[in-house]
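Here is the structure we will look at, set down as C-alpha coordinates.
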Amino acid sequence: MTTTKTNPGNFFEDFTLGQEILHAIPRTVTEGDVALYIGLTGSRFALPCSDSFAQSIGFPGAPVDDMLAFHLIFGRTVADVSLNAIANLGYAVCRFGAPLYPGDTIIAQSKVIGLKENSNHETGIVYVHSIGRNQAGDVVLDFVRWVMVRKRDRVASAPLASVPDLPAALDIADLDVPGELDLAAYDDELAGSPHLWDDYEVGEKIDHVDGMTLEESDHMIATRLYQNNAKVHFNQHAERQGRFGRRLIYGGHIISLARALSFNGLANAFKIAAINGGRHVNPCFAGDTVYAWSEVLEKVILPGREDVGALRLRTIATKDQPCDAFPGADATGKYPDCVVLDLDYTVLMKRRG
(Lines give C-alpha, C1' and ligand atoms only; values in the text may rest on other atoms or scores of the structure.)
Protein backbone atom coordinates (compact mmCIF):
# COMPACT_ATOMS: atom_id res chain seq x y z
CA MET A 1 0.00 0.00 0.00
CA THR A 2 1.31 3.43 -0.97
CA THR A 3 0.32 6.52 0.97
CA THR A 4 1.31 10.16 0.70
CA LYS A 5 2.31 11.94 3.88
CA THR A 6 4.89 14.32 2.45
CA ASN A 7 4.30 18.00 1.73
CA PRO A 8 4.98 19.06 -1.88
CA GLY A 9 4.48 22.73 -1.00
CA ASN A 10 1.82 25.11 -2.24
CA PHE A 11 1.55 25.98 -5.91
CA PHE A 12 -0.02 29.19 -7.19
CA GLU A 13 -3.51 27.72 -7.55
CA ASP A 14 -3.43 26.52 -3.92
CA PHE A 15 -3.52 30.08 -2.57
CA THR A 16 -6.72 32.03 -1.96
CA LEU A 17 -7.18 35.70 -1.20
CA GLY A 18 -7.56 36.20 2.54
CA GLN A 19 -6.06 32.79 3.36
CA GLU A 20 -4.43 32.72 6.81
CA ILE A 21 -1.49 30.44 7.58
CA LEU A 22 0.08 29.64 10.95
CA HIS A 23 3.60 28.51 10.11
CA ALA A 24 5.10 25.41 11.70
CA ILE A 25 8.37 25.08 13.58
CA PRO A 26 8.83 27.72 16.29
CA ARG A 27 12.50 28.63 16.63
CA THR A 28 14.44 29.44 19.78
CA VAL A 29 17.30 31.79 18.91
CA THR A 30 20.73 30.96 20.34
CA GLU A 31 24.15 32.55 20.76
CA GLY A 32 25.33 30.02 18.18
CA ASP A 33 22.95 31.51 15.60
CA VAL A 34 24.40 34.94 16.31
CA ALA A 35 28.02 33.78 15.95
CA LEU A 36 27.28 31.87 12.74
CA TYR A 37 25.54 34.91 11.24
CA ILE A 38 28.67 37.00 11.83
CA GLY A 39 30.71 34.22 10.24
CA LEU A 40 28.49 34.30 7.16
CA THR A 41 28.27 38.07 6.70
CA GLY A 42 31.15 39.68 8.58
CA SER A 43 28.69 42.25 9.98
CA ARG A 44 30.41 44.67 12.38
CA PHE A 45 27.68 46.91 13.83
CA ALA A 46 28.43 47.38 17.52
CA LEU A 47 24.93 46.96 19.00
CA PRO A 48 24.39 43.28 18.11
CA CYS A 49 28.08 42.49 18.68
CA SER A 50 28.56 43.64 22.27
CA ASP A 51 26.58 43.19 25.48
CA SER A 52 28.46 46.02 27.19
CA PHE A 53 27.86 48.41 24.28
CA ALA A 54 24.17 47.49 24.22
CA GLN A 55 23.86 47.94 27.98
CA SER A 56 25.50 51.38 27.77
CA ILE A 57 22.56 52.60 25.65
CA GLY A 58 19.75 51.00 27.63
CA PHE A 59 19.37 47.43 26.34
CA PRO A 60 19.62 44.46 28.73
CA GLY A 61 22.17 42.89 26.40
CA ALA A 62 23.08 42.67 22.75
CA PRO A 63 19.94 42.11 20.67
CA VAL A 64 20.03 39.76 17.70
CA ASP A 65 21.08 41.52 14.48
CA ASP A 66 17.96 42.92 12.81
CA MET A 67 18.63 41.07 9.56
CA LEU A 68 19.19 37.77 11.37
CA ALA A 69 15.80 38.27 13.04
CA PHE A 70 14.33 38.99 9.60
CA HIS A 71 15.78 35.82 8.06
CA LEU A 72 14.74 33.54 10.91
CA ILE A 73 11.15 34.78 10.71
CA PHE A 74 11.20 34.73 6.90
CA GLY A 75 12.44 31.15 7.10
CA ARG A 76 9.33 30.10 9.07
CA THR A 77 7.17 31.15 6.09
CA VAL A 78 9.04 29.44 3.25
CA ALA A 79 7.53 25.94 3.48
CA ASP A 80 4.02 27.35 3.10
CA VAL A 81 4.60 30.36 0.84
CA SER A 82 7.66 29.92 -1.35
CA LEU A 83 8.72 26.27 -1.39
CA ASN A 84 7.79 26.20 -5.10
CA ALA A 85 8.96 29.71 -5.83
CA ILE A 86 11.03 30.70 -8.81
CA ALA A 87 12.13 33.91 -7.11
CA ASN A 88 11.36 36.15 -4.17
CA LEU A 89 10.62 39.49 -5.82
CA GLY A 90 10.31 42.22 -3.23
CA TYR A 91 9.39 43.61 0.17
CA ALA A 92 7.35 46.52 1.54
CA VAL A 93 6.23 48.13 4.81
CA CYS A 94 8.54 46.00 6.93
CA ARG A 95 8.54 47.22 10.53
CA PHE A 96 11.02 45.98 13.11
CA GLY A 97 9.36 45.87 16.52
CA ALA A 98 10.44 44.36 19.83
CA PRO A 99 14.16 43.52 19.94
CA LEU A 100 14.93 39.81 19.68
CA TYR A 101 17.40 38.28 22.14
CA PRO A 102 19.17 34.93 22.38
CA GLY A 103 16.81 32.64 24.27
CA ASP A 104 13.69 34.13 22.69
CA THR A 105 11.41 31.88 20.65
CA ILE A 106 9.82 33.13 17.44
CA ILE A 107 6.66 32.00 15.67
CA ALA A 108 5.21 33.35 12.42
CA GLN A 109 1.88 33.64 10.63
CA SER A 110 0.90 35.01 7.22
CA LYS A 111 -2.15 36.20 5.32
CA VAL A 112 -2.48 36.15 1.52
CA ILE A 113 -3.28 39.73 0.46
CA GLY A 114 -2.80 39.55 -3.30
CA LEU A 115 -2.71 37.13 -6.25
CA LYS A 116 -1.89 37.69 -9.90
CA GLU A 117 -1.35 35.03 -12.56
CA ASN A 118 1.45 35.77 -15.02
CA SER A 119 0.78 35.93 -18.75
CA ASN A 120 2.68 32.68 -19.39
CA HIS A 121 0.05 30.83 -17.27
CA GLU A 122 2.91 28.85 -15.74
CA THR A 123 3.52 31.06 -12.71
CA GLY A 124 1.81 33.66 -10.56
CA ILE A 125 2.66 36.32 -8.00
CA VAL A 126 1.57 35.74 -4.41
CA TYR A 127 1.55 38.68 -1.97
CA VAL A 128 1.64 37.84 1.74
CA HIS A 129 1.54 39.87 4.94
CA SER A 130 3.64 38.08 7.56
CA ILE A 131 4.09 38.71 11.28
CA GLY A 132 6.72 37.22 13.56
CA ARG A 133 6.23 37.27 17.34
CA ASN A 134 8.30 36.27 20.36
CA GLN A 135 7.16 33.95 23.14
CA ALA A 136 5.42 36.84 24.92
CA GLY A 137 3.36 37.66 21.83
CA ASP A 138 5.28 40.86 21.09
CA VAL A 139 5.60 41.69 17.39
CA VAL A 140 9.25 41.36 16.36
CA LEU A 141 8.69 41.82 12.62
CA ASP A 142 5.71 42.82 10.46
CA PHE A 143 6.23 42.79 6.69
CA VAL A 144 4.81 42.25 3.20
CA ARG A 145 6.60 40.32 0.50
CA TRP A 146 5.71 39.01 -2.94
CA VAL A 147 7.01 35.92 -4.64
CA MET A 148 6.74 34.27 -8.05
CA VAL A 149 5.35 30.76 -7.56
CA ARG A 150 5.00 27.92 -10.07
CA LYS A 151 1.57 26.61 -11.07
CA ARG A 152 0.96 22.91 -10.67
CA ASP A 153 -1.14 22.86 -13.84
CA ARG A 154 -0.73 25.43 -16.60
CA VAL A 155 -4.42 25.19 -17.58
CA ALA A 156 -5.77 25.44 -14.05
CA SER A 157 -8.07 28.41 -13.56
CA ALA A 158 -6.67 31.41 -11.74
CA PRO A 159 -8.39 33.92 -9.46
CA LEU A 160 -9.08 37.45 -10.64
CA ALA A 161 -5.96 39.56 -10.28
CA SER A 162 -5.81 41.42 -6.99
CA VAL A 163 -2.66 43.45 -6.26
CA PRO A 164 -2.42 45.28 -2.92
CA ASP A 165 -1.80 49.03 -2.89
CA LEU A 166 1.33 49.39 -0.80
CA PRO A 167 2.79 52.69 0.48
CA ALA A 168 6.20 53.82 -0.73
CA ALA A 169 7.50 54.01 2.83
CA LEU A 170 6.48 53.19 6.36
CA ASP A 171 4.93 56.18 8.11
CA ILE A 172 7.26 57.79 10.64
CA ALA A 173 4.58 57.39 13.31
CA ASP A 174 4.78 53.62 12.78
CA LEU A 175 8.53 53.37 13.43
CA ASP A 176 9.31 51.51 16.63
CA VAL A 177 12.00 53.25 18.69
CA PRO A 178 12.82 51.06 21.72
CA GLY A 179 11.57 52.80 24.85
CA GLU A 180 14.66 51.74 26.78
CA LEU A 181 16.98 53.43 24.28
CA ASP A 182 19.18 56.12 25.87
CA LEU A 183 22.09 57.37 23.77
CA ALA A 184 23.65 59.71 26.32
CA ALA A 185 26.58 57.30 26.75
CA TYR A 186 26.80 56.24 23.08
CA ASP A 187 30.47 55.82 22.18
CA ASP A 188 31.03 56.55 18.49
CA GLU A 189 34.69 55.56 18.76
CA LEU A 190 33.71 52.06 19.86
CA ALA A 191 31.00 52.03 17.19
CA GLY A 192 33.64 52.64 14.54
CA SER A 193 32.93 56.10 13.07
CA PRO A 194 32.73 59.78 14.13
CA HIS A 195 29.94 60.49 11.61
CA LEU A 196 26.54 60.93 13.27
CA TRP A 197 23.02 61.79 12.01
CA ASP A 198 23.86 65.50 11.78
CA ASP A 199 26.78 64.83 9.40
CA TYR A 200 24.67 63.31 6.60
CA GLU A 201 22.86 65.27 3.89
CA VAL A 202 19.87 64.37 1.75
CA GLY A 203 21.16 63.35 -1.69
CA GLU A 204 24.56 62.33 -0.34
CA LYS A 205 25.96 59.19 -1.99
CA ILE A 206 28.34 56.84 -0.21
CA ASP A 207 30.48 54.23 -1.94
CA HIS A 208 31.00 51.50 0.66
CA VAL A 209 34.19 50.50 -1.20
CA ASP A 210 34.60 46.92 0.03
CA GLY A 211 33.51 43.81 -1.84
CA MET A 212 32.68 40.27 -0.72
CA THR A 213 32.83 37.21 -2.97
CA LEU A 214 30.03 34.66 -2.62
CA GLU A 215 30.86 31.00 -2.06
CA GLU A 216 28.46 28.08 -2.46
CA SER A 217 29.08 27.22 1.19
CA ASP A 218 28.02 30.71 2.32
CA HIS A 219 24.51 30.68 0.96
CA MET A 220 23.99 26.97 1.63
CA ILE A 221 24.85 27.41 5.31
CA ALA A 222 22.75 30.58 5.44
CA THR A 223 19.62 28.97 4.01
CA ARG A 224 20.01 26.01 6.35
CA LEU A 225 20.55 28.33 9.33
CA TYR A 226 17.28 30.10 8.55
CA GLN A 227 15.56 26.78 7.66
CA ASN A 228 14.73 28.30 4.28
CA ASN A 229 14.11 25.17 2.23
CA ALA A 230 13.12 26.82 -1.08
CA LYS A 231 14.28 24.42 -3.79
CA VAL A 232 15.98 27.08 -5.92
CA HIS A 233 18.58 27.64 -3.19
CA PHE A 234 19.65 24.18 -2.08
CA ASN A 235 18.85 21.52 -4.69
CA GLN A 236 21.45 21.56 -7.47
CA HIS A 237 20.15 18.28 -8.91
CA ALA A 238 16.79 19.94 -9.59
CA GLU A 239 18.14 23.37 -10.54
CA ARG A 240 20.49 21.93 -13.12
CA GLN A 241 17.35 21.55 -15.23
CA GLY A 242 16.12 25.07 -14.41
CA ARG A 243 16.46 28.30 -16.34
CA PHE A 244 19.90 29.14 -14.87
CA GLY A 245 21.29 25.62 -14.53
CA ARG A 246 22.48 26.31 -11.00
CA ARG A 247 21.29 27.34 -7.54
CA LEU A 248 20.26 30.91 -6.89
CA ILE A 249 21.75 32.80 -3.97
CA TYR A 250 18.98 33.60 -1.47
CA GLY A 251 18.14 37.27 -2.01
CA GLY A 252 18.04 37.89 1.72
CA HIS A 253 21.70 36.89 1.92
CA ILE A 254 22.47 39.69 -0.53
CA ILE A 255 20.56 42.13 1.70
CA SER A 256 22.66 40.99 4.65
CA LEU A 257 25.90 41.44 2.71
CA ALA A 258 24.85 44.90 1.52
CA ARG A 259 24.00 45.87 5.10
CA ALA A 260 27.32 44.46 6.35
CA LEU A 261 29.27 46.30 3.63
CA SER A 262 27.46 49.55 4.48
CA PHE A 263 29.29 49.63 7.82
CA ASN A 264 32.08 51.41 5.93
CA GLY A 265 30.36 54.79 5.75
CA LEU A 266 27.33 54.13 7.98
CA ALA A 267 28.83 52.50 11.08
CA ASN A 268 26.60 54.48 13.45
CA ALA A 269 23.39 53.25 11.77
CA PHE A 270 23.05 50.98 14.78
CA LYS A 271 19.52 49.66 14.17
CA ILE A 272 17.20 49.04 11.22
CA ALA A 273 13.76 50.44 11.98
CA ALA A 274 12.02 49.63 8.67
CA ILE A 275 12.40 48.22 5.19
CA ASN A 276 10.21 50.50 3.10
CA GLY A 277 10.60 48.58 -0.13
CA GLY A 278 13.03 46.38 -1.94
CA ARG A 279 13.62 44.62 -5.22
CA HIS A 280 15.87 41.73 -6.20
CA VAL A 281 16.75 43.07 -9.63
CA ASN A 282 19.03 40.36 -11.01
CA PRO A 283 20.11 36.95 -9.68
CA CYS A 284 23.38 36.21 -7.90
CA PHE A 285 25.43 33.04 -8.02
CA ALA A 286 28.45 31.60 -6.23
CA GLY A 287 31.60 33.28 -7.52
CA ASP A 288 30.00 36.73 -7.84
CA THR A 289 31.52 39.55 -5.80
CA VAL A 290 29.03 41.86 -4.09
CA TYR A 291 29.62 45.61 -3.73
CA ALA A 292 27.26 48.31 -2.42
CA TRP A 293 26.58 52.04 -2.30
CA SER A 294 23.96 54.09 -0.50
CA GLU A 295 22.10 57.36 -0.98
CA VAL A 296 20.50 59.38 1.82
CA LEU A 297 16.87 59.84 0.77
CA GLU A 298 15.52 61.58 3.85
CA LYS A 299 16.54 62.80 7.30
CA VAL A 300 13.85 62.40 9.93
CA ILE A 301 13.55 64.06 13.33
CA LEU A 302 11.73 61.68 15.64
CA PRO A 303 9.03 63.27 17.80
CA GLY A 304 10.09 63.65 21.43
CA ARG A 305 13.65 62.44 20.81
CA GLU A 306 16.68 64.73 20.73
CA ASP A 307 19.27 61.95 21.03
CA VAL A 308 18.30 59.85 18.01
CA GLY A 309 17.21 60.54 14.44
CA ALA A 310 16.32 58.41 11.46
CA LEU A 311 17.91 58.21 8.03
CA ARG A 312 15.96 56.83 5.11
CA LEU A 313 18.50 55.17 2.85
CA ARG A 314 18.58 53.58 -0.54
CA THR A 315 21.25 50.90 -0.85
CA ILE A 316 22.16 49.44 -4.23
CA ALA A 317 24.11 46.17 -4.37
CA THR A 318 25.99 45.05 -7.47
CA LYS A 319 27.82 41.94 -8.62
CA ASP A 320 31.35 42.13 -10.03
CA GLN A 321 31.06 45.92 -10.32
CA PRO A 322 32.63 48.38 -7.84
CA CYS A 323 30.29 51.23 -6.95
CA ASP A 324 32.47 54.32 -7.33
CA ALA A 325 30.25 55.32 -10.32
CA PHE A 326 27.05 54.66 -8.29
CA PRO A 327 25.32 52.33 -10.79
CA GLY A 328 21.52 52.22 -10.67
CA ALA A 329 18.36 52.50 -12.71
CA ASP A 330 18.34 54.81 -15.74
CA ALA A 331 15.67 57.40 -16.58
CA THR A 332 13.36 54.65 -17.86
CA GLY A 333 13.74 52.60 -14.68
CA LYS A 334 15.92 49.93 -16.33
CA TYR A 335 18.80 48.57 -14.31
CA PRO A 336 22.16 47.43 -15.68
CA ASP A 337 22.86 43.72 -15.40
CA CYS A 338 25.35 44.32 -12.59
CA VAL A 339 22.68 45.58 -10.16
CA VAL A 340 21.25 42.81 -7.98
CA LEU A 341 19.44 44.71 -5.19
CA ASP A 342 17.66 48.03 -4.73
CA LEU A 343 16.68 48.45 -1.07
CA ASP A 344 14.86 51.38 0.57
CA TYR A 345 15.14 51.23 4.37
CA THR A 346 15.22 53.39 7.48
CA VAL A 347 17.89 53.25 10.19
CA LEU A 348 18.30 54.86 13.60
CA MET A 349 21.40 56.96 14.29
CA LYS A 350 22.63 59.07 17.19
CA ARG A 351 22.19 62.86 16.96
CA ARG A 352 24.69 65.29 18.41
CA GLY A 353 21.89 66.83 20.48
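How large is the accessible surface of residue 204 in square angstrom, using a 1.4 angstrom probe and rounding to the nearest 10?
Number for this one is 60 Å².
When the Kirkwood radius is taken over all Cα pairs of segment 36-112, what Stokes-Einstein diffusion coefficient follows at 25 °C and 0.890 mPa s, in µm²/s? Walk me through the numbers before you get to the answer.
Working: Rh = 14.4 Å.
D = 171 µm²/s.
Any idea what the dipole of segment 29-132 comes to, in debye rounded to 20, about its Cα centre with Lys/Arg Cβ at +1 and Asp/Glu Cβ at -1?
On the way: 5 positive and 9 negative charges, 52 e Å.
Its charge dipole is roughly 240 debye.
If I compute solvent accessible area with a 1.4 Å probe over the protein chains, what percent of it on segment 178-253 is carbon and sulfur?
Details: 1890 of 3920 Å².
Result for segment 178-253: 48 percent of the exposed heavy-atom area is carbon or sulfur.
Please determine, in degrees from 0 to 90 and to the nearest 10, the orientation of helix 251-261 with respect to the longest principal axis defined by the Cα atoms of the chain, where the helix direction is its Cα long axis.
That works out to roughly 20 degrees.
Between residue 118 and residue 4, take the C-beta separation as r, use R0 = 25 Å, and let me know the FRET efficiency to the nearest 0.05. Display every interim value, and only then the final one.
On the way: r = 28 Å, r/R0 = 1.13.
That gives a FRET efficiency of 0.30.
Cα convex hull of the chain: mean projected area in nm², to one decimal?
Working: hull surface 75.6 nm².
Over every viewing direction, the Cα hull of the chain projects on average to 18.9 nm².
Residue-wise, which Karplus ³J(HN,Hα) couplings in Hz belong to segment 59-68, taking 6.51 cos²θ - 1.76 cosθ + 1.60, θ = phi - 60°, and x for glycine or proline?
8, x, x, 5, x, 5, 3, 4, 6, 5
Pairs of alpha-carbon atoms within less than 8 angstrom and 6+ residues apart define the contacts here; what relative contact order does the chain have, in percent?
Working: 823 pairs, mean separation 67.9, N = 353.
The value is 19 percent.
Please give the calculated 222 nm ellipticity per residue for the chain, where each DSSP H segment of at least 4 residues contributes -39500 (n - 2.57) and the sum is spread over every residue; nearest 500 deg cm²/dmol? Before the final figure, lay out each step's value.
Numbers: 10 runs with 74 residues, N = 353.
Calculated mean residue ellipticity at 222 nm is -5500 deg cm²/dmol.
Length gain on complete extension for the stretch residue 246 to residue 109, per 0.36 nm per residue less the alpha carbon to alpha carbon distance?
Working: separation 137, 0.36 × 137 = 49.32 nm, distance 3.08 nm.
Working it through step by step, the gained length comes to 46.2 nm.
Could you check the spin-label model distance between residue 198 and residue 213? Points 7 Å from the Cα along Cα→Cβ, value in nm.
4.4
Please sort 274-281, 299-306, 171-178 by packing, taking for each peptide the average over its residues of neighbouring beta carbons within 10 angstrom, highest first.
Values: 274-281: 22.8, 299-306: 12.6, 171-178: 14.1.
So the peptides 274-281, 299-306, 171-178, ranked by packing, come out 274-281, 171-178, 299-306.
Using 7 Å Cα-to-Cβ label points, what is the residue 152/residue 289 separation (nm, one decimal)?
With each label point 7 Å from Cα toward Cβ, the separation is 4.7 nm.
Classify segment 208-254 as rounded, prolate or oblate from the Cα gyration tensor: take a ≥ b ≥ c as the square roots of its eigenvalues, call it rounded if a/c is under 1.5, otherwise prolate when a/b beats b/c and oblate if not.
On the way: a/c = 2.46, a/b = 1.50, b/c = 1.64.
Judged from the Cα gyration tensor, segment 208-254 comes out oblate (a/c at least 1.5, b/c at or above a/b).
Heavy atoms of the protein only, probe of 1.4 Å, neighbouring chains included. What is the accessible area of residue 125 in Å², nearest 10?
20
Let me know the shape class of segment 223-310, please: from the alpha-carbon gyration tensor, a ≥ b ≥ c as square roots of the eigenvalues, rounded when a/c is under 1.5, otherwise prolate if a/b is greater than b/c, or oblate.
Working: a/c = 3.02, a/b = 2.51, b/c = 1.21.
In terms of gyration-tensor shape, prolate.
With a 1.4 Å probe and all protein chains left in place, how much accessible area per residue does segment 199-246 have, in Å²?
On the way: 2680 Å² over 48 residues.
Counting only protein heavy atoms, the per-residue value for segment 199-246 is 56 Å².
Considering only protein heavy atoms and a 1.4 Å probe, what is the carbon-and-sulfur percentage of the accessible area of segment 281-322? Walk me through the numbers on the way to the answer.
On the way: 680 of 1480 Å².
Carbon plus sulfur share of accessible area: 46 percent.
If you project the alpha carbons of segment 84-160 onto the principal axes, what extent comes out on each, in Å, largest first?
If we take the Cα atoms of segment 84-160, the spans are 47, 21, 19 Å.
The values are calculated or read from the model by the stated rules, or taken from the named source; none is laboratory data. Nothing here was measured: the structure is a model prediction, and the numbers come from that model. Here Cβ is always computed from backbone atoms with ideal geometry, including for glycine, and neighbour counts include all displayed protein chains. Calculation scope for accessible area: heavy atoms of the full protein, side chains included, ligands and nucleic acids excluded. Shrake-Rupley method; radii C 1.70, N 1.55, O 1.52, S 1.80 Å.
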